[in-house]
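**Q** My questions will all concern the structure given below.
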Amino acid sequence: MKKKLTKALVLGAMLSLTMQSVSALAVTEPNIVNDDPMIVVSLGDSYSSGEGIETFYGQEKSLANKVYDQDWIAHRSTKGWPALIQVPGVSGTMSNYKTSSSSNASCQWYFAAASGAVTSNVTTTKQSKYINKRQGNIFKHTDYKYTAYLPKQLDVFNNINGGVDYVTMTIGGNDVGFADIITECATGSTYLGTSNLNKKLNKIWDNMDNTKADIKNVYEQVENKAGYDAAIVVAGYPKLLDKEGKGWLISEEEATTVNANVVLFNDVIEGLVNECADEGMNIYFVDVEDAFDNHEAYSDDAWINKIIFGAKSEDLDRTTIASAYSMHPNATGAVAYANCVNSKIAEIENNK
Amino acid sequence: MKFIKNMSKKHIIIFLITICLVAGLIAMVVAVNKNNNINKDNVKVLSVRETKTNKEKNLSTEKKTKDTEETTLEKESETVPEKESVTEKTDDSKETVQIKETESVKENETEHATVSESGTISAREYYEQNSTVVDVVDAKESTSVPTEEEAEKLLRDRGFVDFPITVEYDMNGTYLGDELSEEKADKSGKYPIYETYFVTDNDDLWSVFVINGKIFANPATFNVDADLPAQILYSETEELTSYDEVSGEFYVTIPKESAVILKVIETINAENLNKLTKEEVTG
């Protein structure tokens, strides 16, 4: 009798456990099925790709392999601000969800920003990247010299199944080329009459109408590809130089002039975003100027790299005048950028 | 207890199984409730996104309606001139703001240009204050300005072969900021300043200038990295030649140390610049 009673109790307990397991499975199931995943697409230029902030995706590969890796060629950083984007309700940052082809994951992040990209590289033309790297020593080495091509960034939408929620970007900076101007001026000489900062800046503004049209075209084309429901989040640029300049290399007046021009360019971008929003586009501007105050290049606590002459080991072209890392946010700067963008995304989510 | 005692073994087993099943069901209901609470955020996101899908449909419709409205407005503006003028005014006012902003930059730039490029003081005054002026030459009348072809030969013969040659101004002092094409057929044009770059085996960058036929070099990497009171420049003589686009003149000067740290080297070429160490340049 005792034995049979024990058997019955054991059987009962097992049944009970089975029922609990079944109930647990029934509850976790909704997390697996995702009919409408969160989809974030990050486009844009080097400020979005995270130029200058190692490690880049694909960097761990051998040189022979990474010269064919689009992520590495575009210098897409694992620590750039798009990788640090957070969307309320999605755990972790976008770096946890990087996707390159069609996926069913609950959150998908498509990273298509590329260092050096101008507006046309987003919308119409493939981007060429000259690679000149050497591996080995002077006695035995292999030279990798060729031009790689990145597809136009809008092509990323061809890989996406489902509605895009967010598109983030910085774009237009390379069209005006503030960073290049600063670098070029640093190789010149005011005494000899070869440092022409103001002349170079004037040229930017002479062409501003075209630049504005190109930037607006990017917003419109992104909207067409991403869908009207996608929120387009456009971030501006930080002031680049410490207000006191850098000794004789960059005078206080030159630093003021450069920063004033960056502020005005941000105003142009913000104006275009507002114009598009007024026309019904789901688009938002994120100002990063205040966040970077007192953290410009050459400041005591700089979040922007100073001018770096010569190539860094991960630069694509070892014969370049200045490293592409120059005048780009460092890892701390990327966090500051991400904080600004994340605040805007949280605000958008709250308003839904 | 009597009831239990009176029950057969079969009944007892059935009774126990029933109790276990009931317990299992209760446990399942509790677990479902608990999990619902844990996943509140997820549920929220899902519900928001469901709403969004509906919104999407509405927005698309709104957008279409808007497009139609715009078309209608455009058509109206064609026929009703008053509306057209209102639209134009709005556009104009926006344009005016933008123009003003651009002008304010240019004002700043002009102000700055007078300080550091042309100077509130003239180039002549600047060089008189910062150097001993040896000679002032009208650029257009100078016979020493090389043609594009001559400048290219001068720089390439000295081993500066890796980078393109750029020019900043034409002979009238108009800013060009152009790269000279290697394949250009006609290279007979003259420019006051030619510039190229050189990277040493140690990856140090130099910029090299040809001004009125004279060659000068700027150790850019050392100048940027070292904390020096003035810029280091290399010349083949004790003199430097500068160009002022405002007056269109070359200034041949011996700079004061507070303005330029002048270093003299017999020949500025790739081989010699490559040999120079950081200590030699900045020491």
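**Q** Can you give me the % of accessible surface on region A:43-351 that is carbon or sulfur? Probe 1.4 Å, all protein chains present, nothing else counted.
**A** 44 percent
**Q** Calculate the mean, over all residues of peptide B:203-212, of how many other protein chain Cβ atoms lie within 10 angstrom of the residue's Cβ.
**A** 4
**Q** Continuing with this model, one more query. Quick check on my link table: of A:Lys140/A:Lys306; B:Lys187/B:Lys256; A:Lys133/A:Lys212; A:Lys216/A:Lys306; A:Lys306/B:Lys190; A:Lys98/A:Lys126, which ones sit more than 25 Å apart, alpha carbon to alpha carbon?
**A** Over 25 Å Cα-Cα: A:Lys140/A:Lys306; B:Lys187/B:Lys256; A:Lys133/A:Lys212; A:Lys216/A:Lys306; A:Lys306/B:Lys190.
**Q** Placing +1 on the Cβ of each Lys and Arg and -1 on the Cβ of each Asp and Glu in region B:221-283, which of B:Phe222, B:Gly248, B:Val264 has its Cα farthest towards the positive end of the resulting dipole?
**A** B:Phe222
**Q** Over the alpha carbons of region A:159-232, what is the largest minus smallest coordinate on each principal axis, giving the biggest first in Å?
**A** 59, 22, 17
**Q** When the Cα centres of region A:80-99 and region B:128-173 are compared, how far apart do they sit, in Å?
**A** Taking the Cα centre of each part, region A:80-99 and region B:128-173 sit 53 Å apart.
**Q** On to the next question. Lys/Arg Cβ at +1, Asp/Glu Cβ at -1, dipole of region A:190-249 taken about the Cα centre: which of A:Asn217, A:Gly193, A:Trp205 is farthest positive-ward?
**A** Checking the options against the dipole of region A:190-249, the answer is A:Gly193.
**Q** Restricting things to alpha carbons, tell me how big chain A is in terms of Rg and Dmax, in Å.
**A** Cα radius of gyration and Dmax of chain A are 24.8, 109 Å respectively.
**Q** Applying a 10 Å radius around every beta-carbon, put A:290-296, B:191-197, B:212-218, B:12-18 in order of their mean neighbour count, most first.
**A** In descending order of packing, they fall as B:191-197, B:212-218, A:290-296, B:12-18.
**Q** How much FRET efficiency would the formula 1/(1 + (r/R0)^6) give for B:Ile121 and B:Ile254, where r is the Cβ-Cβ distance and R0 is 30 Å, rounded to 0.05?
**A** The computed FRET efficiency comes out at 0.95.
**Q** Still on this structure, I have one more. If one takes the accessible area of chain B alone plus chain A alone and subtracts that of the pair, with a 1.4 Å probe, what total in Å², rounded to the nearest 100, results?
**A** 6300 Å²
**Q** Sticking with the crude label model, points 7 Å out along Cα→Cβ, report the distance from A:Asn161 to A:Tyr130 in nm, one decimal please.
**A** Between A:Asn161 and A:Tyr130, the simple spin-label model gives 4.2 nm.
**Q** Please compute, for peptide B:170-177, the average count of beta-carbon atoms on other protein chains lying within 10 Å of each residue's beta-carbon.
**A** Across the residues of B:170-177, the mean count of other-chain Cβ atoms within 10 Å is 2.
**Q** Using the charge dipole of region A:212-352 (Lys, Arg: +1 at Cβ; Asp, Glu: -1 at Cβ; taken about the Cα centre), state which of A:Ile283, A:Ala231, A:Gly310 has its Cα farthest towards the positive end.
**A** A:Gly310
**Q** To continue, here is another question. For region B:160-193, which GluC sites (Glu not before Pro) are in a loop by DSSP, counting at most 15 other Cβ atoms within 10 Å?
**A** Loop-located and lightly packed - B:Glu182, B:Glu183.
**Q** Let me ask something else. Given charges of +1 on the Cβ of Lys and Arg and -1 on the Cβ of Asp and Glu, with all other atoms neutral, how large is the dipole of region A:43-351 about its Cα centre, in debye to the nearest 20?
**A** 1560 debye
**Q** Can you list residues from other chains, or at least 5 along the same chain, whose modelled amide H is less than 5 Å from the amide H of A:Ile85?
**A** Placed amide hydrogens put A:Met94, A:Ser95 under 5 Å from A:Ile85.
**Q** Next question. Please list, in order along region A:99-106, the HN-Hα scalar couplings obtained from phi with the Karplus expression 6.51 cos²θ - 1.76 cosθ + 1.60 (θ = phi - 60°), rounded to whole Hz, x for Gly and Pro.
**A** Along region A:99-106, the couplings run 10, 10, 9, 3, 9, 10, 4, 5 Hz.
**Q** Once you put a point 7 Å from the Cα of B:Phe15 and another 7 Å from the Cα of A:Asp278, both along the Cβ direction, what distance in nm separates them?
**A** Placing both labels 7 Å along Cα→Cβ, they lie 8.3 nm apart.
**Q** Name all residues of region B:237-252 having a backbone nitrogen under 19 Å from the label point set 7 Å from the Cα of B:Val134 along its Cα→Cβ direction, giving them as ranges.
**A** Answer for region B:237-252: B:237-244, B:249-252.
**Q** Assuming R0 = 22 Å, what is the FRET efficiency of A:Asp287 and A:Ala213, from their Cβ-Cβ distance, to the nearest 0.05?
**A** The value I calculate is 0.45.
**Q** Continuing with the same structure: Given the Cα-Cα distance of A:Lys312 and A:Ser100 and 0.36 nm per residue of separation, how much length would full extension add, in nm?
**A** 73.6 nm
**Q** Skip the ligands, DNA and RNA, and give the accessible area per residue of region A:43-351 with a 1.4 Å probe, whole Å².
**A** 37 Å²
**Q** Taking the Cα centre as origin and putting +1 on Lys and Arg beta-carbons and -1 on Asp and Glu beta-carbons, what dipole magnitude results for region A:212-313, to the nearest 20 debye?
**A** 520 debye
The values are calculated or read from the model by the stated rules, or taken from the named source; none is laboratory data. Bear in mind the structure is a predicted one, so any value in this text is a computation, not a measurement. No Cβ is skipped: glycine too gets one built from the backbone with ideal geometry, and neighbour counts run over all protein chains shown. Ligands, DNA and RNA are excluded from the accessible area calculation, which covers all protein heavy atoms including side chains. Shrake-Rupley method; radii C 1.70, N 1.55, O 1.52, S 1.80 Å.
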